[in-house]
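Presented below is the structure to which this report refers.
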Amino acid sequence: MGTDIWQQEFPFESRFIDQKGVRQHYVDEGQGEPILMVHGNPTWSFYYRHLMAAFRESHRVIAVDHVGCGLSDKPQKYRYRLHQHLDNLKHLVNELKLENATLVVHDWGGPIGLGMYLHLTHRFKRVVLLNTGAFLPEKLPFGLQVARWPLVGKLAIRGFNLFCKKALTTAVADPAALSDIARQGLLAPYNNWANRVAIHQFVQDIPTRRAHPSYGALKLVQDGLVKLEDVPVKMIWGMKDWVFTGEVLAEMEKRIPHASVHRIENAGHYVMEEAREEVIEQIGSFLQ
């Protein structure tokens, strides 16, 4: 990937932390109060490139790739579970000694980031939520159900890369909003069967029944949302998201009633791609 055009918009130094023998990639640039950015599925730290560029002159910006994602190692036999991801994030935050930090999360980064936050509340002073959910779902959209079907889902995601490729059209309200650089960058780390292992595992890790291995971990995050009442919370939401819909936003508002909410009517799930200037402006105001 050394000569790929996506690097034009990702001019950041790669850093790695050891997670019990597995290398986890992250970006850490600038000085000042930290902003920690946690991605979801099927993106990676590249998703936050414009946010990092906007604030690295005034803040310390950190964006992490979950194990199996982005430029992190992609072990084929690994516990790709919510609890493991948030443990990895806890280790990173403690190793970097973050203080007075702002947490920014998107998609699956919500449960992971907020799960970490519940253990390390003393390190954070505010939280930004971008199109995410942090509660046990009652049902999944049909598209996600299909992606979880045995054999069919695995072949579609790992064999044909349909989950990543479909996101380029379904995760945005207007596919034309994605530049060639954005398209290439979002797909770059997931270019073969082995490299798509975590994409498939994230889909499988959505707990829809009590017996699911991640049910308890997500229940703890859901029940712990009350701990956010002591910090400012900003929700920025692309309203044309078919997964994290307006109904999901309403549920998050009910669970975090003091949060300030900014709705972006003409953006979808990839709100950082479709409305990056608006998101950056909103976060900038929130930081002040």
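The values are calculated or read from the model by the stated rules, or taken from the named source; none is laboratory data. Computed from a predicted structure; not experimentally measured. With ideal geometry, Cβ positions are generated from the backbone for all residues, glycine too; neighbour counts draw on all protein chains shown. We work out accessible area using only protein heavy atoms, side chains counted, and drop any ligands, DNA or RNA first. Shrake-Rupley method; radii C 1.70, N 1.55, O 1.52, S 1.80 Å.
Site pair Ala211 and Lys254 shows an inter-label distance of 2.8 nm when each label is modelled 7 Å from Cα along Cα→Cβ.
About its Cα centre, the dipole of the chain is roughly 1200 debye, where the only charges are +1 on Lys and Arg Cβ and -1 on Asp and Glu Cβ. Each of Tyr190, Val146, His122 was scored by the projection of its Cα onto the charge dipole of region 112-198, and the greatest displacement toward the positive side belongs to His122; charges sit on the C-beta of Lys, Arg, Asp and Glu.
Taking trypsin sites (Lys or Arg not before Pro) across region 16-53, the ones in a DSSP loop with at most 11 further Cβ atoms lying within 10 angstrom of their Cβ are Lys20. Toward the positive end of the charge dipole of the chain, with +1 on the Cβ of Lys and Arg and -1 on the Cβ of Asp and Glu, the farthest Cα among Asn41, Leu89, Gly21 is that of Gly21. Taking the chain as a Gaussian network of alpha-carbon nodes connected by springs under 10 Å, the highest mean-square fluctuation of the residues Gln204, Gln84, Gln19 belongs to Gln19.
Of all DSSP-defined beta bridges confined to the chain, some 25% are antiparallel rather than parallel. Rg/Rh, computed from the Cα trace of region 46-194 with Rh as the Kirkwood radius, has the value 0.96. Using the Cβ atoms and a cut-off under 13 Å, what net charge is assigned to the surroundings of Glu9, where Lys and Arg are +1 and Asp and Glu are -1? Surrounding charge for Glu9 is 0. The alpha carbons of region 143-217 give a radius of gyration and a Dmax of 13.8, 42 Å, in that order. Rolling a 1.4 Å probe over the protein heavy atoms gives the chain an accessible area of 43 Å² per residue. Between Glu13, Glu251, Glu273, find the one with the highest GNM mean-square fluctuation for the chain; connect C-alpha pairs within less than 10 Å. Evaluated over the chain, the most mobile residue of the options is Glu13. Apply the a/c threshold of 1.5 to the C-alpha gyration tensor of region 151-288 and tell me whether it is rounded, prolate or oblate. Oblate, because a/c is 1.5 or more while a/b does not exceed b/c. The length gained by stretching the chain between Glu281 and Lys165 to full extension, at 0.36 nm per residue less their Cα-Cα distance, is 38.9 nm. Peptides 103-110, 30-37, 206-213, ordered by how many other C-beta atoms sit within 10 Å of their residues on average, highest first, read 103-110, 30-37, 206-213.
Charge tally around Val61: other residues with Cβ under 9 Å, Lys/Arg +1 each, Asp/Glu -1 each, net 0.
The modelled label-to-label distance between Leu120 and His50, using points 7 Å beyond Cα along the C-beta direction, is 2.8 nm. Counting charges near Pro213 (Lys, Arg +1; Asp, Glu -1) among other residues having Cβ under 15 Å from its Cβ returns a value of +4. For region 1-88, the antiparallel share of DSSP beta bridges with both residues in that region comes to about 65%. Equivalent-ellipsoid semi-axes for region 20-89 (Cα gyration tensor, √(5λ), whole Å, largest first): 24, 12, 10. Sorted from longest to shortest, the spans of the Cα atoms of the chain along the three principal axes equal 47, 45, 42 Å.
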